[in-house]
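The values are calculated or read from the model by the stated rules, or taken from the named source; none is laboratory data. Nothing here was measured: the structure is a model prediction, and the numbers come from that model. For neighbour counting, all protein chains shown are included, and Cβ atoms are generated from backbone atoms with ideal geometry for every residue, glycine included. Surface areas here come from the heavy atoms of the whole protein model, side chains and all, with no ligands, DNA or RNA. Shrake-Rupley method; radii C 1.70, N 1.55, O 1.52, S 1.80 Å.
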Amino acid sequence: MERFELIVQTLFESNNLTEKQEQILKAAVQLFSEKGYAATSTSEIAKQAQVAEGTIFRHYRTKKELLLAIVGPFMEKIADSYIVNDLTDLLNKDYQRPEDLLSAIIENRRDIIVQFLPLLKIIFQELPFHPELREHFLQLISDNMYHRVVEVINDYQQKGMLKKLPPTAIAKFAITNILGHLFTRYVLFPHLEWDDVRDTEQLIQLIMNGIGNSDSKVES
């Protein structure tokens, strides 16, 4: 619960919200994360927030507007600072081996997912159904990170550490495996038995078996 309170404080601080708006947004984040946007009614949000349902519509004309009031600050504050800038910093460091960079990226993304899981669940649940959200989010990721990832891959290829495949293909392969693993770990099957240290090592080995040269091994 302390983590959830920190998430809400980070997301909505300095937005000049009333106490009732904060209660509504906090309830909406929790319910949208747990049940999904479509399955959550405004009456449930009102009950959770301990306000009248009419109070919600005085501040937010529709449930979609309420969703955007959550996603907008996420894009502006959390996605830019934590998702984009943190990864950019990692990509700009000089990791001698691609395995070391992969390890740093996985741990960094894991920390962000753990910290902001309720909000990220909302984002990824709703992106397929709201084109404007998807376009905004993908533009943020693509413009700020993807091209830098491709540059780093090209650098490792020039050093003979990665296969001479198209850098864009390697980027897609690595990103898909990392995000797929973390999504499975924290959203789909969090109840399964996980060993994060072991699983990270195995994930890196699987990725490197696909993209690394034969002399690029993961130390176990």
**Q.** Meets criteria (assigned to a helix (DSSP H, G or I), in contact with a Lys or Arg (Cβ under 9 Å, 6 or more places away or on another chain) and open to solvent by less than 70 Å² (accessible area, probe 1.4 Å)) for Ile153
**A.** no
Q | Search result, residues across the range 126-135 that are in a helix (DSSP H, G or I), touching a residue at least 60 places away in the same chain (Cβ under 8 Å) and open to solvent by less than 60 Å² (accessible area, probe 1.4 Å) | A | Glu126, Leu133
Q | Among (1) of a type in the set (A, V, I, L, M); (2) over 26 Å from Glu76 (Cα atoms); (3) touching a Leu at 6+ places or on another chain (Cβ under 8 Å), the one test that Val149 misses | A | (2)
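Residues checked against (1) of a type in the set (Ser, Thr, Tyr); (2) open to solvent by less than 30 Å² (accessible area, probe 1.4 Å); (3) free of Cβ contacts under 8 Å to residues at least 24 places away in the same chain; (4) in a helix (DSSP H, G or I):
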residue: Leu17; (1), (2), (3), (4): no, no, yes, no
residue: Lys20; (1), (2), (3), (4): no, no, no, yes
residue: Lys26; (1), (2), (3), (4): no, no, yes, yes
residue: Thr40; (1), (2), (3), (4): yes, yes, yes, no
residue: Gln48; (1), (2), (3), (4): no, no, yes, yes
residue: Val51; (1), (2), (3), (4): no, yes, no, no
residue: Phe57; (1), (2), (3), (4): no, no, yes, yes
residue: Leu66; (1), (2), (3), (4): no, yes, no, yes
residue: Ile83; (1), (2), (3), (4): no, yes, no, yes
Q. Taking the range 151-193, which residues are closer than 17 Å to Gly212 by Cβ and of a type in the set (A, V, I, L, M)?
A. Val152, Ile153, Met161, Leu162, Leu165, Ala169, Ile170, Ala171, Ala174, Ile175, Ile178
Q: Could you check Pro190 against (1) within 16 Å of Arg110 (Cβ to Cβ); (2) outside any helix (DSSP H, G or I); (3) at pLDDT 90 or above and say which number it fails?
A: (3)
(Q) I want to confirm something. Restricting to the range 126-183 and keeping residues that are within 30 Å of Val71 (Cα to Cα) and of a type in the set (Ser, Thr, Tyr), which single residue is modelled with the lowest pLDDT? (A) Ser142
Q. For the range 80-130, what are the residues that are farther than 27 Å from Lys163 by Cα and polar (S, T, N, Q)?
A. Ser81, Asn85, Gln115, Gln125
Q. From the list Ile106, Ile175, Ile123, Ile112, which residue is open to solvent by 60 Å² or more (accessible area, probe 1.4 Å), within 30 Å of Lys35 (Cβ to Cβ), in contact (Cβ under 8 Å) with a residue 24 or more places away in the chain and of a type outside the set (Gly, Ala, Ser)?
A. Ile175
Q) When you look at Asp94, is it part of a helix (DSSP H, G or I) and not hydrophobic (A, V, I, L, M, F, W, C), yes or no? A) no
(Q) Here is a check on your reading of the model: is Leu91 open to solvent by less than 10 Å² (accessible area, probe 1.4 Å), over 14 Å from the mean Cα position of the chain (by Cα), at pLDDT 75 or above and over 30 Å from Ile56 (Cβ atoms)? (A) yes
